[in-house]
Amino acid sequence: MRLFLAVTVLLAGITGALAAEVGDDGLHKQAWFATTFRDIKEDMATARAEGKRLALIFEQRGCIYCRQVHEEVLVDPEVRDFIKDNYMVVQYNLYGDEEVTDLDGEALTEKTAARKWRVTFTPTIFFMPEETDGKKDVGASTVAVMPGAFRKGTFLDMFQWVHKKGYETDEGFQRYHARRIVERREAGEKNSD
């Protein structure tokens with residue numbers, strides 16, 4: 001009986017440690033996500049001044065895929081540290097009412113921005129260019145979009161591919177990702193996708 005209680009307490013502690021914090025808006029949170037006024041031009045300038053790229057992540061209350069990303073991928077030290085070192089991430093609520101200022105200057109709410117930028121699934125991550133002329137909106141300006149929840153390898157590969165400006169080369173993301181899977185397998189890493 002004591003062993004059973006000890007195991008139960010241990011498992012409860014582990015489960016609690018893996019659970020992502022959920023904010024008042026019902027979205028899972030990371031302490032290192034940036035809190036901004038959601039002016040995309042300003043956020044890009046801030047990210048650039050910090051030597052980083054801007055990434056926008058759309059999520060929604062009750063999203064099981066968002067929870068999966070927060071509890072299984074973003075807690076991985078390799079993923080978390082790479083993103084924290086190289087990106088400023090701003091979270092958006094797919095159905096939120098907070099004001100957003102698009103690159104083209106249009107004032108929107110989070111939910112109208114999501115419709116304008118054609119977000120149809122959560123999580124969806126927009127990777128912003130380093131600079132923009134401000135004539136196009138976010139949807140037309142992104143250098144890459146990651147729609148959905150992926151495992152560690154795919155998730156990290158996308159952030160690394162954008163960081164290396166793979167979108168400017170002949171090696172599209174699918175080829176880059178396939179190459180990285182082979183490299184990880186040859187290095188003896190498991191779950192390399």
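Computed from the coordinates by the stated procedures, all read-outs in this text should not be read as laboratory data. Everything quoted here is computed from the prediction, not taken from an experiment. Every residue, glycine as well, gets a Cβ built from its backbone with ideal geometry; the counts of neighbours run over all protein chains shown.
So here's what we get for this one:
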| read-out | value |
| --- | --- |
| Folded to 0 to 90 degrees: helix 152-163 orientation relative to the chain principal axis, Cα | 30 |
| Check: region 22-186 dipole with +1 on Lys, Arg Cβ and -1 on Asp, Glu Cβ, in debye | 580 |
| Reachable aspartates and glutamates from Lys164, criterion Cα separation under 20 angstrom, eight or more residues apart if same chain | Glu50, Glu78, Asp81, Asp85, Glu130, Glu131, Glu183, Asp193 |
| Point-to-point label distance, Asp97-Thr169, nm (Cα→Cβ direction, 7 Å offset) | 4.7 |
| Length-normalised contact order for the chain - Cα pairs under 8 Å, 6+ apart - percent | 19 |
| Label point at Lys41 placed 7 Å out along Cα→Cβ; residues across region 86-128 whose backbone nitrogen lies under 16 Å | 100-108 |
| The chain: C-alpha gyration tensor shape, a/c 1.5 cut-off, then a/b vs b/c | oblate |
| Computed label-point distance, nm, for sites Asp193 and Ala140 using a 7 Å Cα→Cβ extension | 3.7 |
| Nearest-0.05 FRET efficiency for Thr109 and Gln160, computed from C-beta distance (R0 35 Å) | 0.60 |
| Burial ordering of Ile57, Ile64, Ile83, fewest other beta-carbon atoms within 10 Å first | Ile64, Ile57, Ile83 |
| Coil-residue trypsin sites (Lys or Arg not before Pro) of region 153-190, DSSP, other Cβ within 10 Å capped at 16 | Lys164, Lys165, Lys190 |
| Cβ charges +1 (Lys, Arg) and -1 (Asp, Glu), total dipole of region 11-110, debye | 320 |
| For region 144-190 versus region 82-130, the gap between their alpha-carbon centres in whole angstrom | 22 |
| Sequence-distant residues sharing a close amide H with Arg53 (under 5 Å, placed H) | Tyr87, Met88 |
| DSSP-defined antiparallel bridges as percent of all bridges, the chain, nearest 5 | 60 |
| Extension gain from Arg151 to Lys116, taking 0.36 nm per residue of separation minus the Cα-Cα distance | 9.8 nm |
